[in-house]
Amino acid sequence: MAALYLIRHGQASFGSANYDALSERGLQQGRVLGEYLVERGIQFDAAFAGTMQRHAQTAEQCLGAMQCDLPLIRLAEFNEYNHEEVFARHRPELEDKTQFAQFLAQSSNPHKAFQKEFEKAMLRWRSGDYDEEYSESWPTFRTRSISALESARQHGAKSIAVFSSGGPIANITGHCLGLNDDQIVELSWAVMNCSITCLLFTADKISLRYFNDFAHFEARADKSLVTHR
């Protein structure tokens, strides 16, 4: 029985010009995660990541804290969907970053305001009625996430780290549990920064061991490392 640890990236730079770069808190989350894995006696013999900057930065911080010098296998199939495009097709007037910043500034709770609109944007994308407007359809995104899972499974390692994003992690988890699209999206809203989802697998079976573990942050007196976005 082999184990695959799906790790969501640390906090990205929400609302900035480059969302893909980790914030200072995101970098700290990666280090704390690595220290926690050492405490639990978890070691990896293979490490995968998407090709996004936030994936590589999280892997660097986590594996560095573990003193693990494995080569990082980069697979674009582990990347998040283009959330900026999904949002822009729903609210074209907010595609301009200045307009988007003003939209956030008008709300007393920018994260909540964004989430409300983004849920509507996701419904539009998943409907299938506007697939020609997107660079990647929802079914294509689902298919490539599962393809990435299979690539990692076939590596031959017994303990595999995968540094990815909330969407692929929810997709892969939903695939293992046989969930529908609505349930998978609900899972994606729950995935916390630098949380761990563990799958166990053999050559012909895969199962969920646990989902979205972020106890390594909740156990701290300072709860500031518990973040979703």
Of the candidates Ile160, Ile146, Ile73, the one satisfying the condition of being β-branched (Val, Ile, Thr), at pLDDT 95 or above and part of a helix (DSSP H, G or I) is Ile146
So, of the residues in the range 1-54 that are in contact with a Leu (Cβ under 9 Å, 6 or more places away or on another chain) and in a helix (DSSP H, G or I), which turns out to be farthest from Ala105 (Cα to Cα)? Gly34
Kindly establish whether Ala105 is within 22 Å of Ser13 (Cα to Cα), surrounded by 17 or more Cβ atoms within 10 Å (Cβ to Cβ) and free of Cβ contacts under 8 Å to residues at least 24 places away in the same chain. no
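Quick check: anything in the range 26-33 farther than 17 Å from Asn193 by Cα, over 13 Å from the mean Cα position of the chain (by Cα) and of a type in the set (A, V, I, L, M)? Steps first, please.
Filtering the range 26-33 down to residues farther than 17 Å from Asn193 by Cα leaves none.
Within the range 26-33, none of the residues are farther than 17 Å from Asn193 by Cα, over 13 Å from the mean Cα position of the chain (by Cα) and of a type in the set (A, V, I, L, M).
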Within the range 115-138, can one find any residue that is at pLDDT 95 or above, among the polar types (S, T, N, Q), touching a helix residue (DSSP H, G or I) at 6+ places or on another chain (Cβ under 8 Å) and under 22 Å from Asn212 (Cβ atoms)? no
Determine which member of the set Ser195, Ser188 is within 26 Å of Phe118 (Cβ to Cβ) and touching a Lys or Arg at 6+ places or on another chain (Cβ under 6 Å). Ser195
Please specify each residue of the range 89-102 satisfying the condition of being in contact (Cβ under 8 Å) with a residue 12 or more places away in the chain and farther than 25 Å from Glu136 by Cα. Ala101
Which of (1) surrounded by 20 or more Cβ atoms within 10 Å (Cβ to Cβ); (2) among the polar types (S, T, N, Q); (3) farther than 26 Å from Glu218 by Cβ does Asn82 not meet, given it meets every other one? (1)
Go through the range 193-219 and count every residue that is out of contact with any helix residue (DSSP H, G or I) (no Cβ under 8 Å at 6 or more places or on another chain) and part of a loop (DSSP other than H, G, I, E, B). 7
Identify all residues within the range 125-140 that are surrounded by fewer than 12 Cβ atoms within 10 Å (Cβ to Cβ), in a loop (DSSP other than H, G, I, E, B) and not polar (S, T, N, Q); write none if there are none. Gly128, Asp129
Of a type outside the set (D, E, K, R), within 30 Å of Gln154 (Cβ to Cβ) and touching a helix residue (DSSP H, G or I) at 6+ places or on another chain (Cβ under 7 Å): is that true of Gly41 in this structure? no
Among (1) farther than 22 Å from Trp189 by Cβ; (2) free of Cβ contacts under 8 Å to residues at least 60 places away in the same chain; (3) surrounded by 14 or more Cβ atoms within 10 Å (Cβ to Cβ), Ala161 falls short only on (2)
Scanning the range 38-51 for residues that are buried (at least 22 other Cβ atoms within 10 Å of the Cβ) and not aromatic (Phe, Trp, Tyr), which turns out nearest to Tyr5 (Cα to Cα)? Ala47
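To keep it simple, each residue is scored yes or no on (1) closer than 21 Å to Ala157 by Cα; (2) in contact with a Lys or Arg (Cβ under 8 Å, 6 or more places away or on another chain); (3) crowded, with 21+ Cβ neighbours inside 10 Å.
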site	(1), (2), (3)
Leu200	yes, yes, no
Lys205	yes, no, no
Tyr210	yes, no, no
Lys223	no, no, no
His228	no, no, no
Where Asp69 falls short, out of the listed (1) more than 15 Å from Ser164 (Cβ to Cβ); (2) touching an Asp or Glu at 6+ places or on another chain (Cβ under 8 Å); (3) assigned by TED's automatic domain parsing to the domain that holds Ala215; (4) charged (D, E, K, R): (2)
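The values are calculated or read from the model by the stated rules, or taken from the named source; none is laboratory data. All figures in this text were calculated on a predicted structure; none of them were measured in a lab. Note: ideal-geometry Cβ built from the backbone for every residue, glycine included; neighbour counts use all protein chains shown.
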